[in-house]
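Remarks on the structure that follows.
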Amino acid sequence: MNLPEFLNQCPPPWIAFPAIEPDTLPAHMRQGAAEPWFDQQWRPFWMSLTPAQQERYLSHWKASQEWRDALAFFFNPDWEADAAQDAAESEQLLQASRTARAAAKPSLLSRWFRRKR
């Protein structure tokens, strides 16, 4: 049986860098010899795989549950950011805050400092 090419296209982090533990992954992704490897090799490779291919890859390389959890957390976010929706919600909250502030009676100090002489 021929293995799909993607299974051996890029070694997993625990093979490429055996000293890295799943719980120290964030530090290695941001500095040292592993940083360019994660940015230029691992991340593009991993993101090119479908979820089914990712699962097959992890099984092929006998990934521990700790590594599976770390990779899922750092490389497969389960949320989708919607910047336009976030901006619209922020604008609505800001407008509501401005309206409430304008409708509120000014404090004694505010009235005192604003009075004309």
*Can T24 be described as out of contact with any Leu (no Cβ under 7 Å at 6 or more places or on another chain) and either over 13 Å from L71 (Cα atoms) or surrounded by 14 or more Cβ atoms within 10 Å (Cβ to Cβ) (or both)?*
no
*Check whether at least one residue in region 34-53 is in a helix (DSSP H, G or I), surrounded by 13 or more Cβ atoms within 10 Å (Cβ to Cβ) and among the small types (G, A, S), and report yes or no.*
yes
*Does region 54-100 hold any residues that are modelled with pLDDT of 90 or more, small (G, A, S) and part of a loop (DSSP other than H, G, I, E, B), and which are they?*
A63, S64
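The values are calculated or read from the model by the stated rules, or taken from the named source; none is laboratory data. This is a predicted model, so every value here is computed, not measured. A quick note on method: Cβ atoms are made from the backbone with ideal geometry, for glycine too, and the neighbour counts reach across all protein chains shown.
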